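Heads up, the thing below is written out as structure tokens.
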Amino acid sequence: MWSNRALDSRIAMATSFSPDSEPAWFRWMSRTVMRLGLLRSTVVTTFIVAVAAIAISQLVISVSGYGNRWVAVGSATLCSVLLTPIIASFILRLVFALDRAHQQLTVLATHDDLTGVHNRRHFMTVVQREWDRARRYNTEAALLLIDADHFKRVNDNHGHLCGDELLRCIARAVGESLRQADVLARFGGEELIVFLPHTDPLGALDVAERIRERVQALSLPWKGETVATTVSIGVAPLRNELPSLDWMIHEADTALYAAKSDGRNCVRTLPFEASRSGGAFPVNSR
């Protein structure tokens, strides 16, 4: 596990690097090398260098007016075939290593190092675009704010390592309840946040209740004991009256406070008008 200072350094490096700052030809070459692989890239590089060496040798003979063309072809080919694979292998290995390092830095810059889900900064960036799109095209969406109940007791009674593992289990349980298009992130501490595009208020409540039940069923074996927890969830549907994404998060936080006040291990939302047929969802609101 990295220290906070080391993690911040890696995140700063990753965020300071922008692929758009690279020349187009370099990005194309990098993608081509990754697609071909090390061996085939080396073979292609050797062939290109050999052809270039032969062409240069023939040009030199043509310009100078003397020399044996076949000897020049043989010499250029032999040098290219012997030297290029050695040089290319080092260069291409470096390209592969840099690509892996870039992928790792990208993960560090966009994901929470404990749970593996998105971090808050990346969530806000991605969801702001989704929120703007939903407002522009008048499509429905919702936001869930999830908080583990009495999590401090877990840390106090079983230690922070147990708390970390339990939080990872909660994040996995939440992720397994979502669609691919949904966005999950760690919002801070033991809080998770979820953005549900193309989801009406009743659908959001269904998802929230499914998450609550899945977490309630969790049991973590820890040093001969079984550790469990529950979650409280605040739901905020996207409404035309909301001026910004921050206000939507504020409404979800208000609903989460209501869930905590109502005894925890429950789902709460602010009043809304159902947008689909069927009976009303039994939710107490404040």
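Among residues of segment 151-162 being free of Cβ contacts under 8 Å to residues at least 24 places away in the same chain and closer than 12 Å to Glu190 by Cβ, the one that is surrounded by the most Cβ atoms within 10 Å (Cβ to Cβ) is Asn155.
Looking across segment 61-74 at every residue that is at pLDDT below 70 and assigned to a helix (DSSP H, G or I), the one that is farthest from the chain's Cα centre (by Cα) is identified as Ser64. Against the test of being of a type in the set (A, V, I, L, M) and more than 20 Å from Asn119 (Cβ to Cβ), the options Leu220, Leu192, Leu178 yield a single qualifying residue, Leu220. Among the residues of segment 133-152, at least one is part of a helix (DSSP H, G or I), touching an Asp or Glu at 6+ places or on another chain (Cβ under 6 Å) and within 22 Å of Asn265 (Cα to Cα). Based on what the data block shows, is Thr254 part of a strand (DSSP E or B), among the β-branched types (Val, Ile, Thr) and surrounded by fewer than 20 Cβ atoms within 10 Å (Cβ to Cβ)? It is false that Thr254 is part of a strand (DSSP E or B), among the β-branched types (Val, Ile, Thr) and surrounded by fewer than 20 Cβ atoms within 10 Å (Cβ to Cβ).
Could you tell me which of the residues Asp132, Asp147 is surrounded by fewer than 16 Cβ atoms within 10 Å (Cβ to Cβ) and of a type in the set (D, E, K, R)? Answer to the check: Asp132. Among the residues of segment 184-202, those that are buried (at least 19 other Cβ atoms within 10 Å of the Cβ), touching a residue at least 60 places away in the same chain (Cβ under 8 Å) and under 17 Å from the mean Cα position of the chain (by Cα) comprise Leu184, Ala185, Arg186, Phe187, Leu192, Ile193, Phe195. The residue that is nearest to Ser80 (Cα to Cα), counting only those in segment 21-46 that are basic (Lys, Arg), modelled with pLDDT of 70 or more and surrounded by 11 or more Cβ atoms within 10 Å (Cβ to Cβ), is Arg40.
The values are calculated or read from the model by the stated rules, or taken from the named source; none is laboratory data. Being a predicted model, the structure only gives us computed values, none of them experimental. All Cβ positions, glycine included, derive from the backbone under ideal geometry; neighbour counts span all protein chains shown.
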